[in-house]
Amino acid sequence: MNEWHVIVIAGPERDVRAFVAGFLADRAADPAQVLFGDDIGLEPASLGERLRALLQGGHHAVLAPSELASALADAVARGGGALGLKVADRHPVAGATFGLEAEVFSREVSATIRAALRVLPDGVRFTQHSEQEQEHAEDKGVELYAPAHHYVYRVRGRLAGPLEGILTVRRSLAEIEAVRLTPLHLD
């Protein structure tokens with residue numbers, strides 16, 4: 001797995017995205033190699049940082065594998081000034097975490113959730129996990145929005161691990177409408 005770095009770039013989002021797209025095109029690099037924090041559900045900064053960012057035109061987290069991170073940060077430092085861009089911070093990403101929870105009344109949906117959580121990528125693990133399944137024969141036939149359901153599956157947990165693995169699990173869970181995800185936290 002790649003080592004990742006987060007580069008915080010100060011400047012308008014549109015200009016940051018355009019600069020990164022140009023940087024990747026110039027290198028003939030795959031655009032999927034660089035991720036924007038806003039696109040992957042990265043947790044927002046503290047209130048003080050958000051206010052400062054609003055006053056300064058915004059700060060945007062860009063995640064890049066180590067083979068691109070230095071070159072991208074150098075490119076912003078050399079050519080970003082003309083667009084009002086500058087590197088505000090840069091550091092390696094040791095790992096990532098996020099939480100999930102779901103309550104579903106369908107065996108099919110619970111099977112989809114279980115399948116997404118059954119085989120986790122290398123290094124990804126649960127730091128918290130609770131799962132329960134209940135069946136109430138007396139409530140069979142009750143409609144979807146009724147207060148009682150024949151079948152109930154609940155899952156709650158927190159996953160931690162390397163960024164690439166965490167993003168793989170997060171993407172598969174995000175496709176399931178019933179699953180609620182907490183913002184992604186970088187270590």
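Starting from the Cα-Cα distance between residue 119 and residue 43, subtract it from 0.36 nm times their residue separation and give me the gain in nm to one decimal. Walk me through the numbers before you get to the answer.
Details: separation 76, 0.36 × 76 = 27.36 nm, distance 2.53 nm.
Between residue 119 and residue 43, full extension yields an extra 24.8 nm.
Among 9, 113, 40, whose Cα sits farthest toward the positive end of the charge dipole of the chain (+1 at Cβ of Lys/Arg, -1 at Cβ of Asp/Glu, about the Cα centre)?
Toward the positive end, the furthest listed residue is 9.
Want the number for residue 185 to residue 32: 0.36 nm per residue separation, take away the alpha-carbon distance, what's left? Present the calculation step by step, with values, prior to reporting the outcome.
Working: separation 153, 0.36 × 153 = 55.08 nm, distance 1.99 nm.
Result: 53.1 nm gained on full extension.
Kindly provide log₁₀ I(q)/I(0) values, in the same order as q = 0.12 Å⁻¹, from the Debye equation applied to equal alpha-carbon scatterers of the chain.
Treating every Cα as an identical point scatterer, log10 I(q)/I(0) equals -0.68.
Got the relative contact order for the chain handy, in percent, Cα pairs under 8 Å and 6 or more residues apart?
Contact order relative to length: 29 percent.
If amide hydrogens are placed 1.01 Å from N in the peptide plane, which non-local residues have theirs closer than 5 Å to the one on residue 88?
Answer set, sorted by chain and number: 8, 9, 10.
Nearest 20 debye, what's the magnitude of the dipole of the chain about its Cα centre given +1 on Lys and Arg Cβ and -1 on Asp and Glu Cβ?
On the way: 19 positive and 26 negative charges, 87 e Å.
Rounded to the nearest 20 debye, it is 420 debye.
Readers should treat all values here as calculations from the given coordinates under stated rules, not as data from a laboratory. Everything numeric here is computed off the predicted structure, so don't read it as measured data. When we count neighbours, we look across all protein chains shown, and the Cβ atoms used for this are built from the backbone with ideal geometry, even at glycine.
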